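Worksheet: one structure, shown below.
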Amino acid sequence: MTGPTIVDAGPIVALIDVREPHHDWAEARFDEAKPPLITCEAALSEACFLLQRVVVGRKAAMDLVVRGIVAIDFHLGTEVAAVAALMTRYANVPMSLADACLVRMAEMHDRGRILTLDSDFRIYRMQGKSPIEAILPGE
């Protein structure tokens, strides 16, 4: 049995913006996942920023949360030391705040997997050693 699906900004954007190259992939992954998919404010903020030029894009991203398809399941204030340590460890990648929060969520949720378009999740490790199960296009 797998744990929760943790969703990055990229699949949210691809789901909402039909012009995105991975739109069909994102739609299929959201259909397969058991709601709610979980995320952090940083990833949702990133998605809203990327959707600012899409008519009703930001509203559609927020509606995913309102409708319970996506849930915010992270508190940066509690996890700031762990997130900062991840950003320091992966400074050469470089790791964004959203990526660090998502990696920390994967560490916190047994058998969690990250739905993403970002291949950097193949580099990141939980607790510095265990690979993260990432769901990427083409895999």
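Here, each number is a calculation from the coordinates, and none is a lab measurement. Fair warning: this is a prediction, and the values are worked out from it, not measured in the lab. Because the Cβ atoms are built from the backbone with ideal geometry, glycine has one as well, and the counts that use them run over all protein chains shown.
Treating only the Cβ atoms of Lys and Arg (+1) and Asp and Glu (-1) as charged, compute the dipole magnitude of the chain about its Cα centre; round to the nearest 20 debye. Don't skip to the end; give the middle numbers.
Numbers: 14 positive and 19 negative charges, 38 e Å.
It works out to roughly 180 debye.
If the elastic network links every pair of Cα atoms under 10 Å, which of 78, 88, 116 fluctuates the most in the Gaussian network model of the chain?
78
With a/c under 1.5 counting as rounded, go ahead and sort the stretch 4-86 into rounded, prolate or oblate using the C-alpha gyration tensor (a ≥ b ≥ c being the square roots of the eigenvalues; past the cut-off, prolate if a/b is larger than b/c, else oblate).
Numbers: a/c = 1.87, a/b = 1.52, b/c = 1.24.
Since a/c reaches 1.5 and a/b is larger than b/c, the shape of the stretch 4-86 is classed as prolate.
Give the list, by residue number, of cysteines in the chain with no other Cys Cβ closer than 4.7 Å, or say none.
If one checks each Cβ against the other cysteines of the chain, 48 turn up with nothing under 4.7 Å.
Can you sort 135, 72, 114 by how many other beta carbons sit within 10 Å, fewest first? Provide the component values of the computation, followed by the final result.
On the way: 135 20, 72 13, 114 24.
Ascending Cβ contact count within 10 Å gives the list 72, 135, 114.
For the chain, what is the mean residue ellipticity at 222 nm derived from helices alone (per DSSP H run of n ≥ 4: -39500 (n - 2.57); sum divided by total residues; nearest 500 deg cm²/dmol)?
Estimated from H runs of four or more residues: -14000 deg cm²/dmol.
Hey, if you put +1 on the Cβ of every Lys and Arg and -1 on every Asp and Glu Cβ in the chain, which of 42, 90, 71 ends up farthest toward the positive end of that dipole?
Farthest along the dipole direction, towards plus: 90.
Amide H of residue 114 versus every other amide H placed in the peptide plane: which residues, excluding those fewer than 5 positions away on the same chain, fall under 5 Å?
The list, which skips near neighbours in sequence, is 6, 133, 134, 135.
May I ask for the net charge around residue 133, where only other residues with Cβ less than 9 Å from the Cβ of residue 133 are counted and Lys, Arg are +1 while Asp, Glu are -1?
+2
Which of 84, 61, 43 ends up with the largest GNM mean-square fluctuation for the chain, with Cα atoms connected below 10 Å?
Greatest mean-square fluctuation among the candidates belongs to 84.
So what's the projected area for the chain, the Cα convex hull averaged over all directions, in nm²?
Averaged projected area of the chain's Cα convex hull equals 8.1 nm².
Springs between alpha-carbon atoms under 10 Å, Gaussian network over the chain: tell me which of 49, 121, 30 tops the mean-square fluctuations.
For the chain, modelled as a Gaussian network with Cα springs under 10 Å, the answer is 49.
Excluding residue 122 itself, what net charge comes from residues whose Cβ is under 15 Å from its Cβ, given Lys and Arg +1 and Asp and Glu -1? Before the final figure, lay out each step's value.
Values: positive: 113, 125, 129; negative: 8, 99, 118, 120, 133, 139.
Every neighbour counted, the sum reads -3.
What number, in percent, do you get for the relative contact order of the stretch 1-93 if the mean sequence gap of Cα pairs under 8 Å and at least 6 apart is divided by its residue count?
Relative contact order of the stretch 1-93: 28 percent.
Starting at the first residue of the stretch 87-101, write each ³J(HN,Hα) from the Karplus equation 6.51 cos²θ - 1.76 cosθ + 1.60 with θ = phi - 60°, in whole Hz, x for Gly and Pro.
Those phi angles translate into 5, 5, 4, 10, 4, 6, 6, x, 8, 7, 4, 4, 4, 4, 5 Hz.
In whole angstrom, how far apart do the alpha carbon centroids of the stretch 107-139 and the stretch 1-30 sit?
15 Å
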